[in-house]
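Working notes for the structure below.
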Amino acid sequence: MTQVADDIGSPGATWRQHRASIWQAAARRAMSPRTGWLIAPAIAYLLVVYVLPIAITLHSPFRGGLGQGMSALWDALTDSGYQRVMMITFEISLEVTAIAVLLGYPTAYFLSRLPPERAGKYLLMVMFPLLTSLLVRTYGWIALLQDNGIVNTALMGSGLTHAPVHLMFNAFGTVVGMGQILLPYAIITMYGVMVGIKPRLMQTAQVLGASRTQAFWRVFFPLSLPGLSAASLLVFIMGLGYFVTPALMGGRSQTMIGVLIQQEVFTLGDWDMAAILSLILIAITVVLLIVYSRFARLDQLVPRNA
């Protein structure tokens, strides 16, 4: 009962306020002039190898003037072919996000309820695919899903089908490949929030008469929503600009914007249109981040469990 009182009484609230003030003071010290120079090399590096090349690329369509650049941007936005590519990109990214969240949320919940020692071992297994080359993982899926691959061989050998099932060069292959690759990011993001939710909160709800299911949906799930929304946004944004997996596992009728940008540069040699499409992709990403920051507080992603 003492633990319950600590969770719902003023002493616990006072301690949380004290801890928040400590974090704010530490953040102010970290950004003081005496220590702020420590991030200067990283900022300079990003400016040279990231911001500067992007600025030069995005400036390319506007070399003939602002009017010419805006005209090219309008043509890209109103062209039916480009609109179709954008719609396909959004649809596939949404499907991948749904798969990553539906599979990642139960996994993250399971890991967050384990003791730290056991959770660390399972997290290592979750992160292990990230240590493998993206190209190698994609070719692994090709070996599994192609017409004469392992999956079709097993299906035909068991008599479930008499002809290969087309699992490659379509939306299915793209979604499966991207979903597996982006799943660890969703799990890690949601786990970072869930591990900060005190188990005593659900115990308190059950002591007050809620069932285990009610305690989960009314206590744990609302507290985990910042992690859920952050994971969804992360996977969706990464999916928007994905190139390798859609290029190798997708078909011509499922061309995504990342593949289209590559084709504009290396196949058509149209750098200006590639820059316009890149500008549209960046604008979409920025808008999503602004909307998310408007309706969700980023500090909610920081675990508050002592």
>> Need a quick list: helices (runs of 4 or more DSSP H) entirely within the stretch 202-304 having at least 2 residues that are of a type in the set (A, V, I, L, M, F, W, C).
In response: 221-240, 244-249, 257-266, 271-295
> Taking helices (runs of 4 or more DSSP H) that do not extend beyond the stretch 42-147, which have at least 2 residues that are β-branched (Val, Ile, Thr) and either more than 30 Å from Ala171 (Cβ to Cβ) or open to solvent by less than 60 Å² (accessible area, probe 1.4 Å) (or both)?
Replying inline: 52-59, 80-112, 134-145
>> For the stretch 152-168, give me each residue that is free of Cβ contacts under 8 Å to residues at least 24 places away in the same chain and either part of a loop (DSSP other than H, G, I, E, B) or over 21 Å from Gly140 (Cβ atoms) (or both).
In response: Ser158, Gly159, Leu160, Thr161, His162, Ala163, Pro164, Val165, His166, Leu167
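Tell me whether the stretch 149-160 contains one or more residues that are open to solvent by less than 40 Å² (accessible area, probe 1.4 Å) and among the β-branched types (Val, Ile, Thr).
No, the conditions are met nowhere in the stretch 149-160.
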>> Show the residue pairs meeting these rules: Cβ distance below 7 Å; 6+ apart or different chains; first residue within the stretch 48-77 and at pLDDT below 85; second residue loosely packed, with under 10 Cβ neighbours inside 10 Å and of a type in the set (Lys, Arg).
In response: none
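The values are calculated or read from the model by the stated rules, or taken from the named source; none is laboratory data. Since this is a predicted model, take the numbers as computed values, not measurements. Neighbour counts run over all protein chains shown; Cβ positions are idealised from the backbone, glycine included. Accessible surface areas use protein heavy atoms only, side chains included; no ligands, DNA or RNA. Shrake-Rupley method; radii C 1.70, N 1.55, O 1.52, S 1.80 Å.
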